[in-house]
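Below is one structure, written out as structure tokens; comments come after it.
The values are calculated or read from the model by the stated rules, or taken from the named source; none is laboratory data. Everything numeric here is computed off the predicted structure, so don't read it as measured data. All Cβ positions, even for glycine, are placed from backbone atoms using ideal geometry, and neighbour counts span all protein chains on display.
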Amino acid sequence: MTHTRRDALVALSAVATTALVGCDPACAGRTGSQTEGPYYPGEPEARAAIAEDRVGVPVTIELTVVARGDCTPLADAEVDLWGADADGAYSSTEDFGTEGEGWQRGQQVTDADGRVTFTAIVPGSYPGRAVHLHVKVRVAGRSELTTQVYLPDEVAAAVLAEPTYAGSAAQTLNADDRFYDDDTLLAVAAVEGTVAAGLSVSGTLIV
């Protein structure tokens, strides 16, 4: 599929009000687990701003953790978030020569409304994987959730067209990513109407 920048921005506007797929009013099903991947060295530092010196499209990520069955917001849940930089590399990883670095990694605890907010950059792409972020959720009395969250294809295309993503691999569409699941597709809104200015994304995780 070929995307022009204009097409991507038009599509971005269209998905700005898209709700997270799979979070129905009854919250009947738990958010699906997805692979942790090889780049999780352990719980990250407690912080909301995780980009550090990484350059890319800024993104604000709001995640809401709710209880399976009744959608009750879950306070005091630990949420770990991590992802690649604009080139598709991870910190704290021997494979990338980034041992001892912690960018694009952080942990927050949900508030009374079950929410956490992080600021980061949108990760780049690497072969075989759609643009994604990794998440772990730990709540007392419930099984740990390990999953991944994704951008709509049109939004990812617009991000990867930015000059700061020149080192990223070619885009893999969500449907071509063997780990992708519709229930962790994020809702996206452009900040000030342009991708370069940054994005706000949100999603609900049912545990």
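Which ones in segment 162-207 are polar (S, T, N, Q) and farther than 20 Å from Gly128 by Cβ? Talk me through it step by step, then tell me what you get.
First, pick out the residues of segment 162-207 that are polar (S, T, N, Q): 164, 168, 171-172, 174, 184, 194, 200, 202, 204.
Residues satisfying the conditions are Thr164, Thr194, Ser200, Ser202, Thr204.
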Q: Considering every residue within segment 148-166, establish whether at least one is in contact with a Ser or Thr (Cβ under 8 Å, 6 or more places away or on another chain), closer than 22 Å to Ala46 by Cα and not aromatic (Phe, Trp, Tyr).
A: yes
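From the list Val149, Val207, pick out the single residue that is crowded, with 22+ Cβ neighbours inside 10 Å and either modelled with pLDDT of 95 or more or more than 25 Å from Pro38 (Cβ to Cβ) (or both). Walk me through it before giving the result.
Numbers: Val207 fails: crowded, with 22+ Cβ neighbours inside 10 Å.
Only one candidate qualifies: Val149.
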**Q.** Enumeration of residues in segment 154-204 that are touching a Phe, Trp or Tyr at 6+ places or on another chain (Cβ under 8 Å) and hydroxyl-bearing (Ser, Thr, Tyr)
**A.** Ser168, Tyr180, Thr184
Q) Mind checking whether some residue in segment 47-65 is out of contact with any strand residue (DSSP E or B) (no Cβ under 9 Å at 6 or more places or on another chain) and either surrounded by fewer than 16 Cβ atoms within 10 Å (Cβ to Cβ) or among the charged types (D, E, K, R) (or both)? A) yes
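Looking at segment 62-117, which of its residues are among the charged types (D, E, K, R), in a loop (DSSP other than H, G, I, E, B) and over 22 Å from Thr164 (Cβ atoms)? Explain how you work it out, then say what you get.
First pass over segment 62-117, keeping only residues among the charged types (D, E, K, R): 62, 68, 70, 76, 78, 80, 85, 87, 94-95, 99, 101, 105, 111, 113, 115.
With in a loop (DSSP other than H, G, I, E, B) added as a condition, the list becomes 68, 70, 76, 85, 87, 99, 101, 111, 113.
Of everything in segment 62-117, those that are among the charged types (D, E, K, R), in a loop (DSSP other than H, G, I, E, B) and over 22 Å from Thr164 (Cβ atoms) turn out to be Arg68, Asp70, Asp76, Glu99, Asp111, Asp113.
Ala67 - would you say it is under 14 Å from the mean Cα position of the chain (by Cα) and either at pLDDT 95 or above or within 27 Å of Ala170 (Cα to Cα) (or both)? If you could, list the steps in order and put the result at the bottom.
Values: under 14 Å from the mean Cα position of the chain (by Cα): no; either at pLDDT 95 or above or within 27 Å of Ala170 (Cα to Cα) (or both): yes.
So Ala67 does not fit the description; no.
Look through Gly141, Gly128, Gly106, Gly124 and report the one residue that is surrounded by fewer than 22 Cβ atoms within 10 Å (Cβ to Cβ) and touching a residue at least 40 places away in the same chain (Cβ under 8 Å). Give the steps one after another, and end with the answer.
Values: Gly141 fails: touching a residue at least 40 places away in the same chain (Cβ under 8 Å); Gly106 fails: surrounded by fewer than 22 Cβ atoms within 10 Å (Cβ to Cβ); Gly124 fails: surrounded by fewer than 22 Cβ atoms within 10 Å (Cβ to Cβ).
Of Gly141, Gly128, Gly106, Gly124, the one residue that is surrounded by fewer than 22 Cβ atoms within 10 Å (Cβ to Cβ) and touching a residue at least 40 places away in the same chain (Cβ under 8 Å) is Gly128.
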